[in-house]
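Chemist: Pasting a structure here, questions to come.
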Amino acid sequence: MNDKFLSISRRTRSTPFTSRVEASGVKAYSVYNHMLLPTEFVNFEDDYWHLCEHVQVWDVSAERQVEIKGPDAMRLAQLMTPRDISSTQDLQGKYAPLCNEHGGIINDPIMIRHSAERWWLSIADSDVKLWAQGLATGFGLNVEVFEPDVTPLAVQGPKAEELVARLFGESVRDIRFFRGEMLKFQGQVMYVARSGWSKQGGFEIYLNNASLGEALWDKLFELGKDLNVRAGCPNSIERLESGLLSLGNDFDDSNNPFECGLDQYIKLDADIESLSLPALRKLAGQHKKQLMGLFFNQKITIRQPNLTVDGQFVGELTSQCWSPRYRKQLAFAMMNRDYLENHSTIEIEGQIAQISDLHFSVEALIQRGE
Ligand code: THG
């Protein structure tokens, strides 16, 4: 599909960093949570190599926060997810699927605990605020649910720690994965965590005062000049290589966490009040589909998402990219488990793909010299 222009209005929200993103030469946007999300700067491959070698600043404001505040905040947060979040520490984040009463996935946010009575859900692209408000009303909970003035800015790449340490001080080096600290920029105290939607390492700065957006961006670029800092964005090559899933692309509320390989984030025997756990206990092991990785030894753009063998539907392609590092075409596909039982390859448009888990067993790829 050719790229088309996007009409931007208050409904398609810009961010506190949009002026700087534009000045950095953004090539394309997506709309995510009704907000602009940059998707490309130089080009996917160039952006990819730069991310893997240097440091990038990403405007991920579109990862909106849904704040749950009040005496029943902990109860509502736990109702929403089948992950046991009872042991989460203050300023800790947990990646957790949110599921409905049938086990379907509503969203896959990072759930951040500020205190038992104050949680942020740092959401992927679906209207979690409405869902949470509906649950709060239905269950008669004493909470407020709203979207605060918070816009995450991610700093990602091997030199991210150095850049964030220059901005906030050496203490950031001690922050562990998915933990955070309250740190100060121009007198404003904000949440800074070691996280981000890449596996190149880095931090996310949850700016909580939109009027400081341009100053924060400019400071990072001033401090990062000799680190070759550039504007970037979640990169589809890096995220496929890293096995990071994208709601709306790879799965939606017609899928359950077992189908998506998110079993590890669910505790079926937990003694918790979770809306989806009763359904998920029944679904465990019964799922008919499984999200898998596919890789081809040659470049191929698959145009038809429905995968068939001898006229039979066996799966659906959900994401694909060319990996310049492994020189493979990578894809994710929601495959019928029947097919997976006795096949480890599939022929698509005349080319054979190996079927792997979501992490592409990258070491195995290298060892096999494929
Ligand atoms: N950062 C913040 N908010 C977000 C995202 C983010 N909201 C939308 C989207 N990304 C949510 N989805 C994910 C998916 C994966 C991860 C984070 C958010 C992730 N996963 C690690 C992994 O798969 O290895 C670790 C998960 C774990 O084991 O705890 O980081 O990126 N603020």
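Every read-out reported here was derived from the displayed coordinates using simple, explicitly stated rules and does not represent laboratory data. Remember, predicted model here, so these are calculated numbers, not experimental data. When we count neighbours, we look across all protein chains shown, and the Cβ atoms used for this are built from the backbone with ideal geometry, even at glycine.
Chemist: Would you grab the residues whose amide H sits under 5 Å from the one on Tyr32? Only those 5+ places off in sequence or on another chain, please, with H modelled 1.01 Å from N.
Modeler: The list, which skips near neighbours in sequence, is Leu37.
Chemist: Would you kindly work out the equivalent ellipsoid of the chain from its C-alpha gyration tensor and give its semi-axes, the square roots of five times the eigenvalues, largest first in whole Å?
Modeler: Result for the chain: semi-axes of 32, 28, 18 Å.
Chemist: In what sequence, highest mean first, do 172-182, 89-99, 338-348 appear when ranked by Cβ atoms within 10 angstrom?
Modeler: 89-99, 172-182, 338-348
Chemist: Taking the highest mean first, how do the peptides 293-303, 53-63 order by number of other beta carbon atoms within 10 angstrom per residue?
Modeler: Values: 293-303: 15.5, 53-63: 24.4.
Highest-to-lowest ranking by the protection proxy: 53-63, 293-303.
Chemist: For the range 125-140, just list the computed ³J(HN,Hα) in residue order, Karplus coefficients 6.51, -1.76 and 1.60, θ = phi - 60°, integers in Hz, with x standing in for Gly and Pro.
Modeler: Once θ is set to phi - 60°, the couplings for the range 125-140 become 7, 7, 7, 5, 4, 5, 4, 5, 5, x, 5, 4, 5, x, 8, x Hz.
Chemist: Per residue of the range 51-66, in order, report the coupling 6.51 cos²θ - 1.76 cosθ + 1.60 (Karplus, θ = phi - 60°) as ³J(HN,Hα) in whole Hz, putting x for Gly and Pro.
Modeler: Going residue by residue, I get 4, 6, 10, 10, 8, 10, 10, 10, 7, 10, 3, 5, 6, 5, 9, 9 Hz, with x marking Gly and Pro.
Chemist: Between Lys184 and Asp90, what length comes free when the chain is fully extended (0.36 nm per residue of separation minus the Cα-Cα distance, one decimal in nm)? Walk me through the numbers before you get to the answer.
Modeler: On the way: separation 94, 0.36 × 94 = 33.84 nm, distance 1.79 nm.
Contour length minus the Cα-Cα distance gives 32.0 nm.
Chemist: A further question on this structure: As an exercise, take the mean of 1/r over every pair of distinct alpha carbons in the range 256-370, invert it, and state the Kirkwood radius in angstroms.
Modeler: 15.5
Chemist: A follow-up question, please. Apply the Karplus parameterisation 6.51 cos²θ - 1.76 cosθ + 1.60, with θ equal to phi minus 60°, to every residue of the range 186-202 and state each ³J(HN,Hα) to the nearest whole Hz, in sequence, with x for glycine and proline.
Modeler: 6, x, 9, 8, 9, 7, 10, 10, 8, 6, x, 8, 8, 10, 8, x, x
Chemist: Can you tell me what percent of all Cα-Cα pairs in the range 239-303 are more than 13 Å apart?
Modeler: In whole percent, the share of Cα-Cα pairs in the range 239-303 beyond 13 Å is 71.
Chemist: Would you kindly state how much longer the chain becomes between Asn100 and Leu268 on full extension, computed as 0.36 nm times their sequence separation minus their alpha carbon distance, in nm to one decimal?
Modeler: Here the segment from Asn100 to Leu268 would lengthen by 59.0 nm.
Chemist: Hey, what did the chain get for relative contact order, percent, Cα under 8 Å, at least 6 apart?
Modeler: Relative contact order here is 18 percent.
Chemist: Another one. Kindly rank 304-313, 197-206, 241-250 from highest to lowest mean number of other beta carbons found within 10 Å of each residue.
Modeler: On the way: 304-313: 11.3, 197-206: 21.4, 241-250: 18.2.
Top to bottom by mean Cβ count within 10 Å: 197-206, 241-250, 304-313.
Chemist: As a test, work out the antiparallel percent of DSSP beta bridges whose residues both lie in the range 206-339, rounded to the nearest 5.
Modeler: Working: 20 of 21 bridges.
DSSP beta bridges in the range 206-339 are roughly 95 percent antiparallel.
Chemist: Which three semi-axes in whole Å describe the equivalent ellipsoid of the range 181-321, each the square root of 5 times a Cα gyration tensor eigenvalue, listed largest first? Can you show the working numbers first?
Modeler: On the way: eigenvalues 283, 126, 27 Å².
Gyration-tensor ellipsoid for the range 181-321: 38, 25, 12 Å.
Chemist: Compute the distance in nm between two label points, each set 7 Å from the Cα along the Cα-to-Cβ direction, one at Ser7 and one at Ile352.
Modeler: Taking the two extended label points, one gets 5.1 nm.
Chemist: Could you name the lysines whose alpha carbon sits less than 25 Å from that of Lys288, not counting residues in the same chain fewer than 8 places away?
Modeler: Lys267
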